[in-house]
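The values are calculated or read from the model by the stated rules, or taken from the named source; none is laboratory data. Everything numeric in this text was worked out from a predicted model, so none of it was measured. A quick note on method: Cβ atoms are made from the backbone with ideal geometry, for glycine too, and the neighbour counts reach across all protein chains shown.
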């Protein structure tokens, strides 16, 4: 089965974010808890602020699969629901055709050192 890796909706006032880091590599098997990517979200985007609150979310797979390709790159700003990558339920499965559904994921907030880049 073809599965799309998408930007999750992280709340009512969080329309999306910027891909901060791609953590998994194409060709890797995915297991529950496998880190996929980090998303940088500006929670102050709804109104102007001198120092907007920036939060990083790590997106994790909650099911088994195989990451086949990334369709987005680090630095891409994407809306919730936008495709970031492509996965399949089997490693040798064809990837032509539409995704049957999104890969099941979960998210957690991570502390990122702003001096580390």
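Looking only at segment 31-40, filter to residues that are surrounded by fewer than 22 Cβ atoms within 10 Å (Cβ to Cβ) and either within 12 Å of the chain's Cα centre (by Cα) or under 21 Å from residue 92 (Cβ atoms) (or both); which one of those is modelled with the lowest pLDDT? That would be 40. Does residue 44 satisfy the condition of being in contact with a strand residue (DSSP E or B) (Cβ under 9 Å, 6 or more places away or on another chain), at pLDDT below 95 and either under 24 Å from residue 111 (Cα atoms) or not in a loop (DSSP other than H, G, I, E, B) (or both)? Yes.
For residue 58, the conditions (1) crowded, with 18+ Cβ neighbours inside 10 Å; (2) under 20 Å from residue 98 (Cα atoms) all hold with the exception of (2). Those residues that are within 10 Å of the chain's Cα centre (by Cα) and not in a strand (DSSP E or B), I need them from segment 1-23; list them, please. Residues satisfying the conditions are 7, 8, 23.
Filtering segment 75-88 to residues that are part of a loop (DSSP other than H, G, I, E, B) and surrounded by 13 or more Cβ atoms within 10 Å (Cβ to Cβ) leaves 76, 80, 81, 82.
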